Amino acid sequence: MAALKLKKALLVVDVQNDFCPKGALAVAKGDEVIPVLNKYIKEFSKNKLPVFVSRDWHPKITGHFKKFGGRWPQHCVRETKGAAFHPKLKLPNEAIILSKGMDPARDGYSAFQAQDANCTDFLNLLKIFGVSEIYIGGLATDYCVKFSALDLLRHGFKVYLLTDAVKGVNISSRDSEDAIKEMAACGAKLITFVDFAKRSVKP
């Protein structure tokens, strides 16, 4: 009997204006992930595989922001330009948008705290689509990418970190490097588009 093929999906994390240069919480060179992510998106879309896209979608008042006792400056407030996806990110019409950070009592780093437009959480969506293997890239390596990847691994998913399509905040200079090591130690496979192109992404 032929082995069952794993159902693959792409998770693009938080490529929003506020996390890109000139944004309220800009990741250095964060926009450099966009052309690389667009190549991955094209491949998944071409093969009719799910493309999930997470976004911070904060209320104006949240414990996530410094003004209200949190760590971060105000950013990605829902329905603002800063919360919009970067205009150069080429999302397919069928992309599934996942909103997180909506609970003012939670930071909402992980996509596992996100929901689609029908209030279905990410884990249930993955089950509905029969996904077992996730390719993940976006912003930022040391926060939302890391926490999403670690949650995926904890739930038994096979995770590929797209190392050429992530950038970090790096409050400390080694934060992104340490985050990648942590994800790898927990089971994430580290690949680039060159590696990806050698693999079959077909369902």
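The values are calculated or read from the model by the stated rules, or taken from the named source; none is laboratory data. Everything numeric in this text was worked out from a predicted model, so none of it was measured. Quick reminder, even Gly has a Cβ in these numbers, built from the backbone with ideal geometry, and neighbours come from all protein chains shown.
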*From the set of residues in region 88-145 that are of a type in the set (Lys, Arg) and within 22 Å of Leu161 (Cα to Cα), which is nearest to the chain's Cα centre (by Cα)?*
Lys100
_Residues that are under 9 Å from Asp56 (Cα atoms) and modelled with pLDDT of 95 or more, drawn from region 103-112_ = Tyr109
*asked:* Given the condition of a type in the set (Gly, Ala, Ser) and in contact with a Phe, Trp or Tyr (Cβ under 6 Å, 6 or more places away or on another chain), answer yes or no: does some residue in region 159-178 qualify?
replied: no
*What number of residues within region 62-80 are out of contact with any strand residue (DSSP E or B) (no Cβ under 9 Å at 6 or more places or on another chain) and loosely packed, with under 12 Cβ neighbours inside 10 Å?*
2
*Identify the residue in region 162-191 that is β-branched (Val, Ile, Thr) and buried (at least 21 other Cβ atoms within 10 Å of the Cβ) and, among all such residues, is nearest to Lys39 (Cα to Cα).*
Val166
*Which one of the conditions (1) buried (at least 21 other Cβ atoms within 10 Å of the Cβ); (2) under 18 Å from Leu162 (Cα atoms) does Asp56 fail to meet, given that it meets all the rest?*
(2)
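Does Asp151 fit the bill of being within 18 Å of Val13 (Cα to Cα) and free of Cβ contacts under 8 Å to residues at least 60 places away in the same chain?
Yes: the conditions hold for Asp151.
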_Criterion first (buried (at least 23 other Cβ atoms within 10 Å of the Cβ) and either modelled with pLDDT of 95 or more or of a type outside the set (Gly, Ala, Ser) (or both)) does Ala95 satisfy it?_
no
*When you scan region 69-113, how many residues do you find that are assigned to a strand (DSSP E or B) and farther than 24 Å from Asp151 by Cα?*
1
*If the Cβ limit is 9 Å and pairs must be 6+ apart or interchain, which residue in region 104-133 that is free of Cβ contacts under 8 Å to residues at least 12 places away in the same chain pairs with which residue that is among the hydrophobic types (A, V, I, L, M, F, W, C) and surrounded by fewer than 18 Cβ atoms within 10 Å (Cβ to Cβ)?*
Thr120/Ile128
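Anything in region 150-203 that is part of a loop (DSSP other than H, G, I, E, B) and touching an Asp or Glu at 6+ places or on another chain (Cβ under 6 Å)? List them, or say none.
Going residue by residue through region 150-203, those that are part of a loop (DSSP other than H, G, I, E, B) are 155-157, 168-174, 186-188, 192, 199-203.
Listed by number, the residues that qualify are Gly168, Val169, Thr192, Val201.
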_Count of residues meeting criterion [assigned to a strand (DSSP E or B) and in contact (Cβ under 8 Å) with a residue 12 or more places away in the chain] in region 28-68_ = 7
